[in-house]
Amino acid sequence: MAGTGNTGADTVDADLDVDLATAKAEAAEYLDSLQRLKAEFDNYRKRIAKEQAGLMERAAAALVLRLLPVLDNFELAVASAEEAKDFERMLRGIEMVFGELREVLSQEGLERINAKGNPFDPNLHEAALQVDGGDGEPTVADELRTGYLFKGRVLRPAMVKVIR
């Protein structure tokens, strides 16, 4: 009965082979599942990026559409100025179109930063020049370039001359 001693080892080897085969099968399933999940996520990321680009294009198109009447009025003002050569009439037309442009941009969320005479704020102002003569806090003496907020955030700081 020399063969009975080997059957225990053979059974252990067979059990290990079964366990190994099961583990390999599970690993293959996990790898396949992970690869599918990765592909789905890549597709999702691409779809979201495409949707965001489309959203941005539609938003820009909506703004451009709102600005077209302003462009039309500029064209009319230029044509009228070329015909009439009337400076006062041309100035009134340009002021009207300028007001229309400011209104459209304001409705979109653009606000002018009022700088002149206010305390200097590095979050809102960019100091281009500095002069002595002030007392106390630095103050904006003059506005060299208008600054703007867009929906409450600084789009472009006002370039200013500061009195110290």
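Tabulated values for the structure
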read-out	value
Boolean, ARG102 is of a type in the set (Lys, Arg) and either farther than 27 Å from ARG145 by Cα or over 25 Å from the mean Cα position of the chain (by Cα) (or both)	no
The stretch 100-138, subset in contact (Cβ under 8 Å) with a residue 24 or more places away in the chain and among the charged types (D, E, K, R), residue farthest from LEU155 (Cα to Cα)	ASP132
Residue among THR22, THR7 that is open to solvent by less than 100 Å² (accessible area, probe 1.4 Å), part of a helix (DSSP H, G or I), at pLDDT below 95 and not aliphatic (A, V, I, L, M)	THR7
Any strands (runs of 3 or more DSSP E) falling wholly within the stretch 49-164 and containing at least 1 residues that are of a type in the set (S, T, N, Q) and open to solvent by less than 80 Å² (accessible area, probe 1.4 Å)	139-145
Sole exception among (1) free of Cβ contacts under 8 Å to residues at least 40 places away in the same chain; (2) under 27 Å from LEU105 (Cβ atoms) for PHE41, by number	(2)
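The values are calculated or read from the model by the stated rules, or taken from the named source; none is laboratory data. Here the structure is a predicted model, which is why all the values come from computation and not from measurement. Glycine gets a Cβ as well: all are built from the backbone with ideal geometry, and neighbour counts include every protein chain shown. Just the protein is used for accessible areas: all its heavy atoms, side chains included, with ligands, DNA and RNA removed. Shrake-Rupley method; radii C 1.70, N 1.55, O 1.52, S 1.80 Å.
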